[in-house]
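S.K.: Here you go, one structure.
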Amino acid sequence: MRVASIDVGLKRIGVAICLDGKIVFPQDAILRKNRNQAARDVKDFLIEWDIEKLVVGLPKGGSSEEEMERRIKHFVSLLDLDIDIVYQDEQGSSFEAKELTKGLFRHKKDGKIDSIAAKIILQRWLGI
């Protein structure tokens, strides 16, 4: 099964894919100018890779949990896809991504960390 995950942020959307159930690959993040453009870009990406299931990171805990959940679920509704969508706790994935890559490259705001966070979210869901 071809599975993808997204880590939805206000400026960037991290993306990762798994085509064989074993290895997860971070992809180039989608830069978010507005939610409609971002939803179009995510949908195009999912169609291009023939993704069958989408795993979406949801923050659990924290003071703005309900607000973020509402925003993320609204964004997912804009995708207008006919594939399975599941939600996975993303708590700490961005911090973990930064720790994993410390010293490997400069942490710029280019989306690499966001896509590595999406990779972590997908690995958690897959149990690998």
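Only the coordinates and a few stated rules stand behind these numbers; no lab work does. This structure is a prediction, so every number in the text was calculated from the model and none was measured. Don't worry about glycine lacking a Cβ; one is built from the backbone with ideal geometry, like all the others, and counts go over all protein chains shown.
S.K.: Subtracting the Cα-Cα distance from 0.36 nm times the residue separation, let me have the gained length for M1 to K98 in nm, one decimal.
M.R.: 32.1 nm
S.K.: Let me spell out the model: positive unit charges on the Cβ of Lys and Arg, negative unit charges on the Cβ of Asp and Glu, origin at the Cα centre of the chain. What dipole size does that give, in debye rounded to 20?
M.R.: The dipole of the chain has a size of about 580 debye.
S.K.: Take every DSSP beta bridge with both residues inside the range 3-126 and express the antiparallel ones as a percent of the total, to the nearest 5.
M.R.: 55 percent
S.K.: I would also like to ask the following. What number, in percent, do you get for the relative contact order of the chain if the mean sequence gap of Cα pairs under 8 Å and at least 6 apart is divided by its residue count?
M.R.: Result for the chain is 36 percent.
S.K.: For the chain, modelled as a Gaussian network with Cα springs under 10 Å, which listed residue fluctuates most, I51, I23, I113?
M.R.: Most flexible of the set in this elastic network: I23.
S.K.: Taking the Cα of I47, stepping 7 Å toward and past its beta carbon, and measuring to each backbone N in the range 1-17: which are under 18 Å?
M.R.: Hits in the range 1-17 for I47 at 18 Å: 4.
S.K.: Mind scanning K60/K98; K43/K102; K60/K112 and naming the pairs with a C-alpha gap bigger than 26 Å?
M.R.: K43/K102
S.K.: Another one. When Lys and Arg each count +1 and Asp and Glu each count -1, what net charge do the other residues less than 15 Å away from I83, Cβ to Cβ, add up to?
M.R.: Every neighbour counted, the sum reads -4.
S.K.: In terms of modelled amide H atoms, which long-range or inter-chain residues lie less than 5 Å from the amide H of Q27?
M.R.: HN-HN under 5 Å from Q27: V15, A16, I17.
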